[in-house]
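What follows is a single structure, written as structure tokens, with notes after it.
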Amino acid sequence: MNDDKTIVCRCEDIDIETIRKLIDQGVTSLEEIKRITRCGMGPCQGKTCGPVIAREIAMKTGQPMEEILSPRSRPPFGGVLFQEVLEGIDDEE
Amino acid sequence: MITCDLLVIGGGPAGISAAVAAGKAGLKVLLLEERERLGGQLTKQTHRFFGSVAERAGTRGIAIIKDLETVVAQLENVEISLSTTALGIYEDGVSTALKSGKMIKIKPKAIVVATGAFEKFLPFENNDLPGVYGAGAVQTLMNIYGVLPARRILMIGSGNIGLIVSYQLVQAGAEVVGVIEASPKIGGYLVHASKIRRLGIPIYPSCTIKKAFGQDRVVGAELVRLDEKWKEIPGSQFTVDCDAICLAVGLNPLIDLLGQSGCQFKYIPELGGQVPIRDESMRTNVPHLYIAGDLSSIEEATAALLEGELAGLSAAKQIRPGQSLEARMEEVKTHLRALRSGPVGEKIRSGLSKLTGEALPTPSPRTNAIDELSRTGIASPANLAGVLPDEKRKKTRAYAVIECYQQIPCDPCVHNCPFGAIKPFSDINDLPIVDFDLCTGCGQCIGRCPGLAIFTVDETRDGDRAKITLPYEFLPKPVREETVDLLDRSGKCVGQGVVKSVLNTPKQDKTTIVTVEIHRNLVQDVRQIRVVQKS
Amino acid sequence: MKNKASVVIVGGGITGTSTAFSLAKRGVKDIVLIEREGLASGATGRCGAGIRQQWGTFQNCLLARESMKVFENFQEVLGTDIDIELKQKGYLLLAYSEKEMDQFRRNVEVQHQLDIPSRLVSCREAKEIVPFLNTEKMLGGAFCPTDGHANPFLATKAYAKAAERLGVEILMKTEVKAITVVNDRIKGVHTSQGFIETDKVVNAAGGWSAQIGEMAGLHLPVYSERHEILVTEPVNPIMDPMVMSFSYNIYCQQTPHGSFIMGYGPQNEPRGYNVNATWQFLETMARKAAWLLPPLKNMRIVRQWAGLYNMSPDRQPIVCESEIVKGFFMGIGFSGHGFMIAPAVGTLLADLITGSPLTWDVVLDLGRYDRHETIAEPSVV
Ligand SMILES: Cc1cc2nc3c(=O)[nH]c(=O)nc-3n(C[C@H](O)[C@H](O)[C@H](O)COP(=O)(O)OP(=O)(O)OC[C@H]3O[C@@H](n4cnc5c(N)ncnc54)[C@H](O)[C@@H]3O)c2cc1C
Ligand SMILES: Cc1cc2nc3c(=O)[nH]c(=O)nc-3n(C[C@H](O)[C@H](O)[C@H](O)COP(=O)(O)OP(=O)(O)OC[C@H]3O[C@@H](n4cnc5c(N)ncnc54)[C@H](O)[C@@H]3O)c2cc1C
């Protein structure tokens, strides 16, 4: 590991330079950055990287944090196996 | 499909408290906890909690949980489901959870969400190197699994978590090479800062981490000083050697589960970031959905317990109207307001006023300016002068020195003096004031102070010998007549003394009370002892 | 923001952005695209993004085939360096009855007229393509190796960037609130940022297109319906094609990233704009997926969500200018397959708006319902 990297998203291994480049290109919403880089689409659903990226966007664009951080979290949190869903199906259903 | 009156998600202090309150009000309650035991953050807290005695402050986090577990176990109508992770809250009011390899469905009449918080992350170069940990992970390894993550640790963040985890690391036998803090003053309670300073751990305010060094694991870090505008000062970089970097840079409420519930959020940095909007009774904008604890705002266990109770009572009131729960609800609200009324509650108060749109309550008269103490964690002679008795009194009897200079919501000392010598508080944020006419220097208060900020001094004897009694929480314990090193407030060795008594009964609960005979000139300097390595 | 535009496009999904690009490429100036949230925040960003050329009508095969040509040459056509992650590993359609098999046989004939390289497959061949496929009760199927999948967000982004480069103004976080119509002609659009004078509006508002119609005083025969979808955590590539069945009601594919995406058509879903996910979807989906593709049982579902299908009476798109309000154009009613044909739809809308003859001989106008000429596409989910 010789190149110094600042990791933003540990789930998908995305570094801050990638994020900064995108913001400079005008990609200034969390949702867009997420879609392009997959940042935040890993198991943690962006819990750790979301605020970090939001701060980068706020710093570069002056947008207020609350506009940037719109919660779009989607269940099932933490994930569930198909098998586990099947096991839980009630018989009477 | 499982049905119940109230579903509580999260078995930390807030969730347990909600379950207990609702259970006592006759509701059929189901409490879900992801981990294999109740307690949340408290299960990792081996230190004594600051806060209100009414909410068990002065007791260790792990002990508070034992108490709560006993209370909740006695309520037959409260069912606890451990190792159960809530997966989602859906629009039809059904929650799903993962339990024993099954996705179960629960349809309650109301829900209290008390999922706590998760740690913030910090971007810096090479932050993906093995050896970069969150404080939570370090605590879990150390306090639950008994594994020391590293030998030489750099702590990032001087909030209470950074300070307390540093202290715990030293207890576990590690070395903390420093605590760095971006702000010009220490973030956490100064008593906690003083506790680690006298162990010799440096605190660097106005400083941040630039990068970690290492090929396949951390071997050091480059730090840089910041100016008053938080900009890096060019050329001010310096490096430290360490084999781990521990991040304690704050918490964000864990709001995920509420994401598609229809619950509205607001970004309020004072409360920890994106927080659910709720009223004073902990009700969100979604009917039958309540929140409590760190999820609602990053605070302390006392607040979590009170908010949990309030949420439980609110739900009970809604589901089973006709019970007279209002009086207790008002009482809890009053407690919460009192808790947040001091200078350190300023942040929470301003956050809450943003949340509710209420006007700010009148600011507290005394505020904590950035003085030497809040920059260094070391009390100045002026600080000290304010808490000592006069020269005449010093000669007549032993006396307590309470080195608590910052108004924080904490009151165990007041409740633990057998002579009533610590003046009763009108407000939980009051500073302790010793009535030296009543104080006997008995030292009962020493082990009760969560900040380990109380010492007793006996300089009644003639000659150059005096005695100091102080709290000691490390291994090995000293023994009587042993010679120990004497450390001052910055951890510097200023001499040696002989141990005269060691009090270590179960009542002390591992905070050993040690009396050392030292030179009388040192009584106001020595605040820590070090057991000299026995060969 | 411009206060005057030659064309105002409502909606920043794949339809709106591809239309903006096609128009600008023909030299149309002063185009403004208005999007209420962000690019691809509607159905486009939530969809399965499968691209299928195996249709039953000549027209649909044509639109899909022409669109696939664009997807295949995306960087060149758009002059972009964005890689839309096109994967062409085919669509495997499964048949569970003789009737279905016969239909596939007829479809393949139509497809061959357009050189779409589809073929019928036996159960054994199907199993060669997807070895762990449960072929119980299955009679056979159809397979087209050049069908596939692309990243809908990147495709939209690329269209938007290319359009902007050609001068299109894209306004995000801007909502169209009202449309001024005088004497059955478009006069302008009221947005949350102010009024824009224009005589041409393109309704590319996806699930909300009926609302945009109302703003112009039109009652468009479309409605919206929630469709759910889920994604698993990524695993090594194990399944090449999209696996789809109309009668068993499922579609499932593995993305280049490794995650599986899947959904099915809901039964008795009420009309409306609700896009909340349900736990019932997880259960039904798990049953279906575990039966058809048994190894999926051990995979972890990491997210579920929903988007709106904009449904038309014959489940076929409506691409035309209103006959009542001049200057009101629409690309709506995609009924669940608007991503795959968006490049062609953009071209058709550009034809209509610039008054050029249609590039392809297709009938997608609103008038077809009055003429009772609905499109009889046999192969829809
Ligand atoms: C190092 C440290 C020191 C501290 N010291 C003090 C102190 O001295 N005094 C003090 O008052 N406070 C202190 N605190 C703060 C205190 O611990 C917290 O404020 C308190 O624990 C918050 O309680 P809670 O119930 O809201 O959240 P938590 O204690 O975090 O509990 C949340 C619980 O919810 C569970 N959970 C989360 N998601 C799910 C899910 N989907 N399904 C099921 N369960 C779920 C978690 O496993 C957890 O058990 C300290 C905190 C730390 C980290
Ligand atoms: C679960 C699911 C799976 C699917 N799978 C596939 C598939 O595999 N293959 C395929 O081809 N298709 C698929 N589809 C269908 C496909 O997603 C849509 O047909 C296509 O994305 C429609 O694109 P659009 O641009 O027309 O609409 P949208 O993407 O919905 O865009 C409309 C835009 O208009 C904006 N808008 C609405 N009202 C206003 C207003 N008043 N002011 C400003 N802006 C406004 C919205 O914010 C939105 O961004 C699927 C759809 C769903 C829901």
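The values are calculated or read from the model by the stated rules, or taken from the named source; none is laboratory data. This is a predicted model, so every value here is computed, not measured. All Cβ positions, glycine included, derive from the backbone under ideal geometry; neighbour counts span all protein chains shown.
Things worth noting here:
- Any chance B:VAL147 is of a type in the set (A, V, I, L, M) and either within 9 Å of chain A (Cβ to nearest Cβ) or assigned to a loop (DSSP other than H, G, I, E, B) (or both): yes
- Condition check for B:GLU55: under 30 Å from B:ARG320 (Cα atoms) and out of contact with any helix residue (DSSP H, G or I) (no Cβ under 6 Å at 6 or more places or on another chain): no
- Selection over region B:120-144 of residues that are over 18 Å from A:LYS47 (Cβ atoms) and within 16 Å of ligand 1 (Cβ to nearest atom) gives a count of 6.
- Subset tally (residues that are within 16 Å of ligand 1 (Cβ to nearest atom) and under 17 Å from the mean Cα position of the chain (by Cα)) for region C:301-350: 0
- Criterion (crowded, with 24+ Cβ neighbours inside 10 Å, near ligand 1 (Cβ under 9 Å from one of its atoms) and assigned by TED's automatic domain parsing to the domain that holds B:GLU79) met by exactly one of B:GLY23, B:GLY40: B:GLY40
- Among the residues of this structure, B:GLY136 does not count as one that is closer than 25 Å to B:THR284 by Cα and either within 8 Å of another protein chain (Cβ to nearest Cβ) or in contact (Cβ under 8 Å) with a residue 60 or more places away in the chain (or both).
- Restricting A:GLU12, A:GLU17 to residues that are more than 8 Å from chain B (Cβ to nearest Cβ), part of a loop (DSSP other than H, G, I, E, B) and of a type in the set (D, E, K, R) narrows the list to A:GLU12.
- Residues in region C:273-289 that are among the small types (Gly, Ala, Ser) and either in contact (Cβ under 8 Å) with a residue 60 or more places away in the chain or outside the structural domain of C:LEU230 (by TED's automatic domain parsing) (or both): there are none.
- Matching residues, region C:284-325, being part of a strand (DSSP E or B) and within 10 Å of chain A (Cβ to nearest Cβ): C:ARG300, C:ILE301, C:VAL302, C:ARG303, C:GLN304, C:TRP305, C:ALA306
- Inclusion of B:LEU154 among residues that are part of a loop (DSSP other than H, G, I, E, B), more than 10 Å from every other protein chain (Cβ to nearest Cβ) and under 25 Å from A:ARG10 (Cβ atoms) is not warranted.
- Residues of region B:498-535 satisfying the condition of being assigned to a strand (DSSP E or B) and acidic (Asp, Glu): B:GLU517
- Those residues of region B:157-185 which are touching a strand residue (DSSP E or B) at 6+ places or on another chain (Cβ under 9 Å) and part of a helix (DSSP H, G or I), in sequence order: B:ILE161, B:GLY162, B:LEU163, B:VAL165, B:SER166, B:TYR167, B:LEU169, B:VAL170
- Whichever residue in region B:64-118 is of a type in the set (Asp, Glu) and either facing another protein chain (nearest Cβ under 8 Å) or under 17 Å from B:ALA301 (Cβ atoms) (or both) and, among such residues, is surrounded by the most Cβ atoms within 10 Å (Cβ to Cβ): B:GLU69
- Single residue of region B:268-278 satisfying the filter (surrounded by 18 or more Cβ atoms within 10 Å (Cβ to Cβ) and facing chain A (nearest Cβ under 8 Å)) that is nearest to ligand 2 (Cβ to nearest atom): B:GLN274
- Residues (within 16 Å of ligand 2 (Cβ to nearest atom) and part of a helix (DSSP H, G or I)) located in region C:326-352: C:ALA342, C:PRO343, C:ALA344, C:VAL345, C:GLY346, C:THR347, C:LEU348, C:LEU349, C:ALA350, C:LEU352
- Pairs linking a residue in region C:207-233 that is among the charged types (D, E, K, R) to a residue that is part of a strand (DSSP E or B) and more than 8 Å from ligand 2 (Cβ to nearest atom), with Cβ atoms under 7 Å and 6 or more positions apart or on different chains, are C:GLU225/C:ARG271; C:GLU225/C:MET311; C:GLU228/C:GLN304; C:GLU233/C:ARG300; C:GLU233/C:VAL302.
- For region C:146-180, the set of residues classified as assigned to a strand (DSSP E or B) and more than 23 Å from C:LEU93 (Cβ to Cβ) consists of C:GLU169, C:ILE170, C:LEU171, C:VAL176, C:LYS177, C:ALA178, C:ILE179, C:THR180, listed by residue number.
- Which listed residue is outside any loop (DSSP other than H, G, I, E, B), closer than 29 Å to B:PHE419 by Cα, within 27 Å of the chain's Cα centre (by Cα) and touching a residue at least 12 places away in the same chain (Cβ under 8 Å), from B:PRO471, B:PRO450: B:PRO471
- Selected residue (only one of B:LEU6, B:LEU38 is assigned to a strand (DSSP E or B) and either more than 29 Å from A:GLU84 (Cα to Cα) or away from ligand 2 (no atom under 16 Å from the Cβ) (or both)): B:LEU6
- Selected residue (only one of A:THR18, A:THR6, A:THR28 is over 18 Å from A:GLU66 (Cα atoms), modelled with pLDDT of 80 or more and within 14 Å of the chain's Cα centre (by Cα)): A:THR18
- 2 or more residues acidic (Asp, Glu) and in contact with a Phe, Trp or Tyr (Cβ under 6 Å, 6 or more places away or on another chain): qualifying strands (runs of 3 or more DSSP E) within region C:217-283: C:223-232
- Candidate set from region B:238-267 (those that are free of Cβ contacts under 8 Å to residues at least 40 places away in the same chain and within 16 Å of ligand 1 (Cβ to nearest atom)); member that is surrounded by the most Cβ atoms within 10 Å (Cβ to Cβ): B:CYS263
- Across region B:300-325, the qualifying residues are those that are acidic (Asp, Glu) and modelled with pLDDT of 95 or more, and the one among them that is farthest from ligand 2 (Cβ to nearest atom) is B:GLU309.
Table: residues versus (1) more than 9 Å from ligand 2 (Cβ to nearest atom); (2) buried (at least 24 other Cβ atoms within 10 Å of the Cβ); (3) within 16 Å of C:PRO343 (Cβ to Cβ); (4) assigned by TED's automatic domain parsing to the domain that holds C:LEU358.
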site: C:LYS2; (1), (2), (3), (4): yes, no, no, no
site: C:GLY13; (1), (2), (3), (4): no, yes, yes, yes
site: C:THR17; (1), (2), (3), (4): no, yes, yes, yes
site: C:GLY27; (1), (2), (3), (4): yes, no, no, yes
site: C:ASP30; (1), (2), (3), (4): yes, no, no, yes
site: C:GLU37; (1), (2), (3), (4): no, no, no, yes
site: C:ALA43; (1), (2), (3), (4): no, yes, no, yes
